[in-house]
1. Taking the dipole about the Cα centre of the chain, with the C-beta of Lys and Arg at +1 and of Asp and Glu at -1, give me whichever of M151, L279, G54 is farthest to the positive side.
2. Within 10 Å of each residue's Cβ, count the other Cβ atoms and sort L209, L286 from fewest upward.
3. Could you tell me which of rounded, prolate or oblate describes region 65-148, using a ≥ b ≥ c as the square roots of the eigenvalues of the alpha-carbon gyration tensor, with rounded for a/c under 1.5 and, failing that, prolate when a/b is larger than b/c and oblate otherwise?
4. Kirkwood Rh, region 1-87, all Cα pairs: how many Å?
5. Of all the C-alpha pairs in region 219-289, what % are more than 19 Å from each other?
6. Mind counting lysine pairs for me in region 4-191? Cα separation below 23 Å, and the two need to be 8 or more apart along the chain or on different chains.
7. Calculate the dipole size of region 219-289 relative to its Cα centre from +1 charges on Lys and Arg beta carbons and -1 charges on Asp and Glu beta carbons; express the result in debye to the nearest 20.
8. Considering only DSSP states other than H, G, I, E and B, which GluC sites (Glu not before Pro) in region 1-84 qualify as loop sites with at most 16 other Cβ atoms within 10 Å?
Amino acid sequence: MIATYTLAVRDPETESLGIITASNFLAVGALVPWINARAGLVVSQSFANPDAAGSALESLRDGRSPEQALDDFLIADDRAAVRQVGIMNSTGKVHLYTGSECTPASESVSGDNFFVLGNMLIAGTTEAVASAYTKARHDGLELGTAMIKAMLAGQQHGGDLRGKLAAAMLIKRPHGGYLGDSDTVVDLRVDAAARPLAELRDLYSVFKLYNPQLFDFRMLELAQLTAADLRVIDDLLLQLSPDDPVTLEQPNAVAELLEKHNLASNFDVKKLQVSSLLLSEATGFLRLTAL
C-alpha cells in the first residue's frame, strides 16, 4: 500500500481510539487501520502487512511497549525498508517507523494523543493534517468531525501525489459500539470514488443522523427554525418520499417517514421539535442518497 496518508488519534476523555486514512489505493480501509479498543492501534501502510499489524496489536494487548510492538512487526521482514508503520498504545504513547526506501515524500509527525504519517505525498501534507486536527479539537469539534476536517486539510494541501481513490475511518472504544455489544463505534469505508474523503464526510453525516445519542445536540422547536432550515427539512422529506410528498404540516406523517428511514430520533412529534443534527447533517445525507 503506497501513496497513502493517515491520521491516528486517542481521545482520553472517552477512551476512544481512531484512525482515518486516504489513498490512491483501492479499499484502503481493508489494509491500513488496526485497533484494539483496550490495547492501542497500529497503522500499516506502504506495502501494508496485515498479519504483522495483527501481531503488533497482540503485542500491545500483552502489555509490550510500542517500540517492542514495532520489533514484533518487523521481525524477519525482508521488506522492512519499504514499510511505514505507526503504533500507539492505550495511554497515548507513540512510536513511528518509516523505512529508508519508502517513496518520497515520506513524512511523519506526532503530537499530544495523535500522529500522522504518509508516503508518496505532496511535501508538507502531514503537517497540514496535524495542524488542522489540533485546531479542530481546540475549537471543540467532536472526534470524528475533527478527523475528517484534518484529512480534508491534507487533501487541500496536496495529499497523495497520484490523486484520490479511497478513504476509511475506524473508531473504537470499550463497549462503544452498536447496542454496547461491541467496541466498534464507527467503521466507514469508501473503497473507490472520485471524491472519497468528501463521500466519507457524507457517510459520517448519515451515521450521526442514525446515532444521535452518540453526539451532543439540541432539540429545536419548528417555530424557531429559519427559512433556510425549513428548506433543508423540506428537501430531505421530498427525497425520502418523492412519490408521496410529506410536509411539516403533517407531523404524524413526518414521524412515520423518518422512522421508516431510521431517522426517528431526530423528530419529536409531540413537541414539534427537530434535532440540531438534522439541520447540520441533512445536506450530507441528501448528497449521498442522491447518488
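Just so it is clear, none of the values below were taken in a lab; they were calculated from the coordinates. Being a predicted model, the structure only gives us computed values, none of them experimental. Cβ: placed from backbone, ideal geometry, glycine included. Neighbour counts: every protein chain shown.
1. In the chain, that residue is M151.
2. L286, L209
3. Oblate.
4. Kirkwood hydrodynamic radius for region 1-87: 13.0 Å.
5. Result for the distance tail: 21 percent.
6. Values: K93/K135; K93/K172; K135/K149; K135/K172; K149/K164; K149/K172.
The result is 6.
7. 160
8. Qualifying residues, ordered by number: E13, E15.
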